[in-house]
Amino acid sequence: MSFEPNYKATLVILNDIERNGLVQFNKEYADEKFFKNFMKFRKVFSHSISELITNLDTFEIKHEEMTSFMVYSEMSFINSHLDAIKKFLKIIINPIKLDDGFGKDTTLQQMVDRICKKMNYNQKLQNSIRGLFLLDFKDAITQEHFVIEKTGYLIINPNDSKMQKQFDIKDLADYSSQAMEILAAMFDWSNGITKNQEKKPDKLDDIVSDLAKQVQELDKKLDKIS
């Protein structure tokens, strides 16, 4: 799966926000140490999960238990990226420009909704942006509306037939890559660098490559086990 559209869509939104005068640097939300540590952490995490998948059949532990562990880990990995995305938006958006502003407790959904409202985006576009930022996933995880089955599936909103959705480890790897592409676009935009320009080497390409390998390796493992 190509995640390039997620990167491009994020840049379009950020450029639109800038053209409409919503951008302002908010020093109180800027935490360079956090973001540097986060970038190091996600590389270590990705490589560790890749190693677990590669050596899945060597562990003296039930397969379903290890799969559940990896599902929870990937879920948390995605959630941490969405939190970082929320933090980034609070760094670059002028709260005075939004009707309800924002504060330290404002959620990602509230940030996105208020930005969309200010930009006068139509409902179809707002729904697309909700999907881009994985807001249904984020809301379900934050509100603890999920279950992890021993068969290796994450189910969000299990008590709501309309909102219920099921994910396996491959689906979560896709979501991880999507969230990383969004954050990569945000970092590149803030540095005045985009993928269609010559840019400094970024560890993101290695991480996305690792995630693709994870999916391939897991497919092989599951085929052998079944």
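Remarks
- Of K90/K124; K27/K86; K104/K124, those spanning more than 19 Å from alpha-carbon to alpha-carbon: K90/K124; K104/K124
- Exposure check, 1.4 Å probe, all protein chains in place: T106 carries approximately 10 Å² of accessible surface.
- In the complete set of protein chains, residue-level accessible area for H63 is approximately 60 Å², probe 1.4 angstrom.
- Entries of K97/K118; K117/K165; K8/K138; K150/K170 with Cα pairs more than 18 Å apart: K117/K165; K8/K138
- From the Kirkwood radius over Cα pairs of segment 5-198, Stokes-Einstein at 4 °C and 1.567 mPa s returns a whole-number translational diffusion coefficient of 72 µm²/s.
- Charges were assigned to the Cβ only: +1 to each Lys and Arg, -1 to each Asp and Glu. The resulting dipole of segment 5-198 about its Cα centre is roughly 780 debye.
- Per-atom-type breakdown for segment 84-161 gives carbon and sulfur 46% of the accessible area (1.4 Å probe, protein chains only).
- Under Karplus coefficients 6.51, -1.76 and 1.60, residue-wise ³J(HN,Hα) of segment 83-99 in Hz, glycine/proline x: 5, 5, 5, 4, 4, 5, 4, 5, 6, 10, 9, 6, x, 5, 6, 8, 4
- 5 angstrom amide H check on I93, placed H, neighbours 5+ away: Q24
- Rounded to the nearest 10 Å², the accessible area of E32 at probe 1.4 Å: 130
- Close amide-amide hydrogen proximity is noted between F146 and N157, each under 5 Å apart and 5 or more residues distant or on a separate chain (H modeled in the peptide plane; Pro and chain starts excluded).
- Where N is the number of residues in segment 52-139, Cα Rg divided by 2.2 N^0.38 Å: 1.50
The values are calculated or read from the model by the stated rules, or taken from the named source; none is laboratory data. Everything quoted here is computed from the prediction, not taken from an experiment. A quick note on method: Cβ atoms are made from the backbone with ideal geometry, for glycine too, and the neighbour counts reach across all protein chains shown. These accessible areas exclude ligands, DNA and RNA; they are computed on the full protein's heavy atoms, side chains included. Shrake-Rupley method; radii C 1.70, N 1.55, O 1.52, S 1.80 Å.
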